[in-house]
Structures are given as structure tokens and as C-alpha cells.
Amino acid sequence: MRYLAININYKLDQNWYCRLGSIIDCHKYFSSLGPQHGPGVAIYDTEMEKYMWINEAYQEDNARLTEIILDAAKPVKVYK
């Protein structure tokens, strides 16, 4: 999946992301979130390595967003 839909819950200090195949799917994901999940913050393109959309209120929080993206980019271990 090419895109990361990123949301942050500041009250519970939780970072969330969902890997999705299209920008439209990312917007649908944000629409499906309840208030307990925090707002949609950004859509990040993992192939182009840039933001396709970022909420203006969160542009100053790049350190936290960078941490979320780096975590999502880590290789996944598969155990058999």
C-alpha cells in the first residue's frame, strides 16, 4: 500500500497510521474515525516520500510525523 493516512490522538498520546492504496481511501478512512481516534493529520506517499496532504494545524509538528513515518517504514518481521 502506497499511502499512509496518519492521525494522532493527543489526549491519549497515541500515533496511528493506516496503509491504503489511494488518496480517496485515506479520506474515507479519516471520515470513518470517531472522536476517540483523533483527527486526520496527514496523507503521506511512501513511494514519492512526501506529503500529499497535511492539516495546517499540524505542520509545526513535523518531528512527531517524521517518527510515525519512520516507524511505518521499518521492515516487518514474519515468523513461520
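Values in this text are rule-based calculations from the coordinates and carry no lab data. Here the structure is a predicted model, which is why all the values come from computation and not from measurement. Every residue, glycine among them, receives a Cβ derived from its backbone with ideal geometry; neighbour counts consider all protein chains shown.
Give the calculated FRET efficiency between residue 72 and residue 36 to the nearest 0.05, with a Förster radius of 22 Å applied to their Cβ-Cβ distance. Could you put the intermediate results ahead of the total?
Details: r = 21 Å, r/R0 = 0.97.
Plugging the Cβ-Cβ distance into 1/(1 + (r/R0)^6) gives 0.55.
If you average the alpha carbon positions of segment 4-25 and of segment 55-80, how far apart do those two centres end up, in angstrom?
Their Cα centres are 9 Å away from one another.
Against the longest principal axis of the chain, how steep is helix 23-32, in degrees 0 to 90 to the nearest 10, with axes from Cα atoms?
60 degrees
Looking only at Cα atoms, what is the convex hull volume of the chain per residue, in Å³? It would help to have the intermediate numbers written out before the result.
On the way: hull volume 9.4 nm³, N = 80.
Cα-based convex hull of the chain, divided per residue, equals 117 Å³.
Calculate one ³J(HN,Hα) per residue across segment 63-79 by plugging θ = phi - 60° into the Karplus curve 6.51 cos²θ - 1.76 cosθ + 1.60, and present them in order as whole Hz with x for glycine and proline.
For segment 63-79, the Karplus curve yields 4, 5, 5, 4, 4, 5, 5, 5, 5, 5, 7, 4, x, 9, 7, 10, 9 Hz.
How high is the FRET efficiency between residue 59 and residue 1 when r is their beta carbon distance and R₀ equals 22 Å, given to the nearest 0.05?
On the way: r = 24 Å, r/R0 = 1.10.
For R0 = 22 Å, the calculated efficiency reads 0.35.
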